[in-house]
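The values are calculated or read from the model by the stated rules, or taken from the named source; none is laboratory data. In this text, all values refer to a predicted model and were calculated from it rather than measured experimentally. Cβ placement follows ideal geometry from the backbone for every residue including glycine, while neighbour counts extend to all protein chains displayed. Note: areas computed on protein heavy atoms with side chains; ligands, DNA, RNA excluded. Shrake-Rupley method; radii C 1.70, N 1.55, O 1.52, S 1.80 Å.
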Amino acid sequence: MLTFVFVCLSISVTGLHAAFTVTVGNPSVKVKENEGVDFKCSYTADFGSSPRVEWKFRDLKGSQTLVYFDNKPTGMYEGRITVYNGGLKFNKVTRADTGDYDCEVSANSGYDEKTIKLTVLVPPSKPVSRIPASVTTGSNVHLSCFDADGSPPSTYRWYKQNTPLPEDPTKFPSFKNLTYKMNVFNGNLEFPSVSKLDTGSYFCEASNGEGAPQRGDAVRMEVHDINVGGIVAGVIVALLAVGLLLFGLWFASKKGYLPSKFSLHNKPKQQAVYTQPRTDDIDDGDGEFRQKSSFIV
């Protein structure tokens, strides 16, 4: 008896959740830029005769926007979309339309929603790369490559002397002496401790399966040893220059060529100050004048 009641309750609960269902035709849609696309979204009759249907868009950065609200397209989608019973249609899509679209259906009797992921296909553009022209041995060196347009996002490959570099050089005998690290997803090529073997002409290539791969400009990277002798010579020259400057200032001061405030010999002379004798400095009666105060110098 208890088993029968449990089964009935399970069916009842399952049926309650299944009564209001939204269904999409294809949860992941891919379409080329400037072409139209149709999102299929239907719902069961359990919602009633006039449920509320809304469409929302969430871009790749997570920002959310209303596409269809209060039975009409929102401002930025006016003239671009058509909503009908069972779906939404874009007349033409751009790369900015890539993201997730939520089809939400609600009524007094229930609510459900489903998401359709749209990828607008865009070929890669010529990647922008940063390659230093001159580096010193033993330094940590980063080469970068980025394609701003490709959708889906591009992956990257690096070339040296027109030869493709393997992602893992340790697996190939001809590259085993190279110690670079390559990230094919963000386009970085790193040399933790660059050596003269890494001297050469480099360029990167971006590809995403749409259109032809695009290559950046080639730049030659020269790896030089640290010029210890040049550094020592530079330090010596700098010390001599400072010494000559100090000597010049001393000599100019000694000859009086510098303004008085810089001169070492133009010290201000001490002035004598005269103090008026006090009234008690008087004749003592015997014709002699006795001074009880003195000059102060």
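Of note:
- Residues of the range 184-193 that are among the aliphatic types (A, V, I, L, M) and exposed (fewer than 11 other Cβ atoms within 10 Å of the Cβ): none at all.
- Out of LYS176, LYS181, LYS196, LYS171, sole residue that is under 21 Å from the mean Cα position of the chain (by Cα) and open to solvent by 60 Å² or more (accessible area, probe 1.4 Å): LYS181
- Of all residues in the range 101-130 being touching a residue at least 24 places away in the same chain (Cβ under 8 Å) and under 18 Å from the mean Cα position of the chain (by Cα), the one that is least open to solvent (accessible area, probe 1.4 Å): PRO127
- Search result, residues across the range 83-94 that are within 38 Å of the chain's Cα centre (by Cα) and either open to solvent by less than 20 Å² (accessible area, probe 1.4 Å) or polar (S, T, N, Q) (or both): LEU88, PHE90, ASN91, VAL93, THR94
- Test: residue in the range 42-52 that is within 21 Å of PRO27 (Cβ to Cβ), hydrophobic (A, V, I, L, M, F, W, C) and not in a strand (DSSP E or B): yes
- Of the residues making up the range 23-33, one or more are closer than 18 Å to LEU118 by Cα and hydroxyl-bearing (Ser, Thr, Tyr).
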